[in-house]
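What follows is a single structure, written as C-alpha cells, with notes after it.
The values are calculated or read from the model by the stated rules, or taken from the named source; none is laboratory data. A quick note: this is a predicted structure, and the numbers were derived from the prediction, not measured. Don't worry about glycine lacking a Cβ; one is built from the backbone with ideal geometry, like all the others, and counts go over all protein chains shown.
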Amino acid sequence: MRIVDTIMVTTTDTAITTLINMRKLSRIFICVFAAATLASCSKEQNGDPFILFEVHGKVMDAAGNPLEGINVIAGQADVQKTNINGNFTFHGRTVPSDHVLLTFEDKDGDDNGGEFVTKTVEIPLRQKSPGTSGNYKGTFFAGEVEVVMVSKNVEMNPDPESGLIPQGNRN
C-alpha cells in the first residue's frame, strides 16, 4: 500500500466514523425531541382542568376620570394596561371557577393624574361557551366591569360618628 492509499483509507474511515456518530446523535436528538413533544401534549390532555376567560372593563379615579396605564394583572405573569380611556381587555387561562381575581396596580406614579392604591377585585364570570374536549371546560366572560381606584393621597379614616368611609374615599 502506498502512503496516498493509506491516507485515503484513513480519511475514508474517519469520514465513515464521523457519519455514523452524526447519525447516532441525530437519532438521540429525534428521540429527545419526540419525548418532549409527547410530554407537553400529555400535560394538556392529562393535566389540570382549565377555562379560558375574557374580561372587559374600565378603570377610573374617584371622580370618574379614566386612568391610563394602570396594570391589570391575573396571577403572576399576565399583565395588560389600560388605554387612554381607562379601558382594558384581558384574556387569560385559569382553573375552572365562576370568578377570576384581577389586580389593578398603578406603576407610573403621578403620570396618570396621581398615585393610586393597588386593588384586587373578584370578577364574576358567565359561561360564554362550553368546553369541547379533554380538560378544557369552556370560555367565560365578564363585560362592563368598572373599577374605581383610590388615590394614595386620600385619607382612609372612617367618619368618627358614623364609622363610614367618606364617599370620595371608597374603593
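Considering only residues that are acidic (D, E) and in a strand (DSSP E or B), look in the stretch 35-81 and name the one that is modelled with the lowest pLDDT.
Filtering first and then ranking leaves D78.
Within the stretch 74-104, how many residues turn out to be of a type in the set (V, I, T), out of contact with any Leu (no Cβ under 7 Å at 6 or more places or on another chain) and buried (at least 17 other Cβ atoms within 10 Å of the Cβ)?
1
Within the stretch 134-171, how many residues turn out to be at pLDDT 85 or above and over 21 Å from K107 (Cβ atoms)?
Residues flagged as at pLDDT 85 or above and over 21 Å from K107 (Cβ atoms) within the stretch 134-171 amount to 11.
So T94 ticks every box in (1) farther than 21 Å from M60 by Cα; (2) modelled with pLDDT under 85 but one. Which box is left unticked?
(2)
Among (1) at pLDDT 90 or above; (2) at positive phi, there is one condition G109 misses while meeting the rest; what is its number?
(1)
For the stretch 121-136, which residues satisfy the criterion of being under 18 Å from the mean Cα position of the chain (by Cα) and either surrounded by 14 or more Cβ atoms within 10 Å (Cβ to Cβ) or over 13 Å from H99 (Cα atoms) (or both)?
V121, I123, L125, Y136
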